[in-house]
Amino acid sequence: MSASATDYIGMWYRARARLGIDDRIEFIFINPGSGKRHTVALRHRDHDGVGGIAESLKRMGVRQPPMPLSRQTRAPSFWRRWQARPEQRQPQSPPWRIFTTTVDEQADEPLVQWLTPLQTRALRQRAKAQQVSLNSLLLKALHLAVADTLMTHASPISWCFPVNMRGVVPMGRPDMNLSSAFYMTVDSDDSLTHLDHTIRSYLKANIHWRYWHLARIGRLVGQRGVDWLCGRLLNGAQHGGSFSNLGEWQIDFVSGGLAPDTVFACCGPGSPTHPVANGMMIVNGSLSLALKLHPSLGASEAVVQECLQRWVDELGVTA
């Protein structure tokens, strides 16, 4: 397969930016001893989360770890990319609370919390004991936190679930946008077993391959066509946000002059249709959680902090 240097996924973020929607991804380095925080802000039109990790580490002078690849070893046959959606339940538009805050009261950067390596191991053990993936625990906890702090009542809503495509699609640059996604419905009373089964069913049905092809429509319609489509989609379905788990990394922070136990976190910008921006990753055994709410929700920094703390609490990990 031939690689194209054109970032067709990035076209969508360029289109959003032209409509006034921020496309920054923020990569945050925190010294846990001093609390000192340094942020590398990149444009989503240039990188996805995984690619942005590589670029931000490069800018900080940190030795580059290997990039994670897709769990699929080869692309499925074309007809397997167009299978039926594995769940019939339809999401509802999120019943967001009405917040009345001033711009000064809103958080202008993501808030971050993290678990110690010991707590992270305990979370893994909990997932293993319940025979579910860590993603299932993280998504269920995030949804409950959002429902309790940002919504007027519990409701089945749609979450975007990104999927890393590196290694099975053409790569003009390894740090470009090489992620696809699928949308799944989550409700507060869903069991972890149900969520785990749903995630696996979507991956098995290759729904993310369908979105990969559709998202690269810029090959046919160009940037002007993507601009027009993006404007229409922003008036369409409402979702919770993108559930952005960037995987597990071993990073030599000392190689860049940083503390060996540096906390590393990432968070995208969100949008009016995907207002709950979040990011999670395990770095050197420690899980970080980042959260930012799009200004369209009007929530204060205190509300963001409450939602983030609830997310941590719902994971059920004690000190």
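Using the structure shown, decide if Gly51 is out of contact with any strand residue (DSSP E or B) (no Cβ under 6 Å at 6 or more places or on another chain) and assigned to a loop (DSSP other than H, G, I, E, B). Spell out how you get there, then give the answer.
Working: out of contact with any strand residue (DSSP E or B) (no Cβ under 6 Å at 6 or more places or on another chain): yes; assigned to a loop (DSSP other than H, G, I, E, B): no.
Criteria not met by Gly51.
Let's see how each residue does on (1) within 28 Å of Lys204 (Cα to Cα); (2) among the hydrophobic types (A, V, I, L, M, F, W, C):
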{"position": "Asp7", "(1), (2)": "yes, no"}
{"position": "Gly20", "(1), (2)": "no, no"}
{"position": "Pro32", "(1), (2)": "no, no"}
{"position": "Lys36", "(1), (2)": "no, no"}
{"position": "Ala41", "(1), (2)": "no, yes"}
{"position": "Glu55", "(1), (2)": "no, no"}
{"position": "Lys58", "(1), (2)": "no, no"}
{"position": "Ser77", "(1), (2)": "yes, no"}
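Criterion first (in a loop (DSSP other than H, G, I, E, B) and in contact with a helix residue (DSSP H, G or I) (Cβ under 9 Å, 6 or more places away or on another chain)) does Arg45 satisfy it?
Working: in a loop (DSSP other than H, G, I, E, B): yes; in contact with a helix residue (DSSP H, G or I) (Cβ under 9 Å, 6 or more places away or on another chain): yes.
When the stated conditions are applied, Arg45 passes them.
Pairs meeting the criteria (first residue in segment 285-313 and among the acidic types (Asp, Glu), second residue buried (at least 16 other Cβ atoms within 10 Å of the Cβ) and part of a helix (DSSP H, G or I), beta carbons under 7 Å, at least 6 apart or on different chains) are Glu306/Thr149. Tell me yes or no: at least one residue of segment 69-87 is at pLDDT 90 or above, buried (at least 19 other Cβ atoms within 10 Å of the Cβ), within 21 Å of Met165 (Cα to Cα) and hydroxyl-bearing (Ser, Thr, Tyr). No, segment 69-87 has no match at all.
Taking into account only those residues within segment 26-46 that are buried (at least 18 other Cβ atoms within 10 Å of the Cβ) and within 19 Å of Gly61 (Cα to Cα), which is farthest from the chain's Cα centre (by Cα)? Break it down stepwise before answering.
Within segment 26-46, the subset buried (at least 18 other Cβ atoms within 10 Å of the Cβ) is 26-30, 40, 42, 44-46.
Subsequent filtering for residues that are within 19 Å of Gly61 (Cα to Cα) retains 26-30, 40, 42.
Values: Glu26: 12, Phe27: 13, Ile28: 15, Phe29: 18, Ile30: 20, Val40: 17, Leu42: 15 Å.
The residue in question is Ile30.
Candidates Ala107, Ala181: the one that is touching a helix residue (DSSP H, G or I) at 6+ places or on another chain (Cβ under 9 Å), among the small types (Gly, Ala, Ser), under 30 Å from Glu55 (Cα atoms) and at pLDDT 95 or above is Ala181.
With respect to the conditions (1) β-branched (Val, Ile, Thr); (2) more than 14 Å from Ile282 (Cβ to Cβ); (3) surrounded by 14 or more Cβ atoms within 10 Å (Cβ to Cβ), Thr102 falls short on a single one, namely (3). Residues that are of a type in the set (Gly, Ala, Ser) and at pLDDT 90 or above within segment 165-178 comprise just one, Gly167.
In segment 26-40, is there at least one residue being within 23 Å of Arg232 (Cα to Cα) and not in a loop (DSSP other than H, G, I, E, B)? Show your work before the answer.
If we filter segment 26-40 for residues that are within 23 Å of Arg232 (Cα to Cα), which is where we start, we get none.
Within segment 26-40, not a single residue is within 23 Å of Arg232 (Cα to Cα) and not in a loop (DSSP other than H, G, I, E, B).
The values are calculated or read from the model by the stated rules, or taken from the named source; none is laboratory data. Note that this is a predicted model, so its numbers are computed, not measured. Using ideal geometry, Cβ is built from the backbone for each residue, glycine included, and neighbour counts are taken over all protein chains shown.
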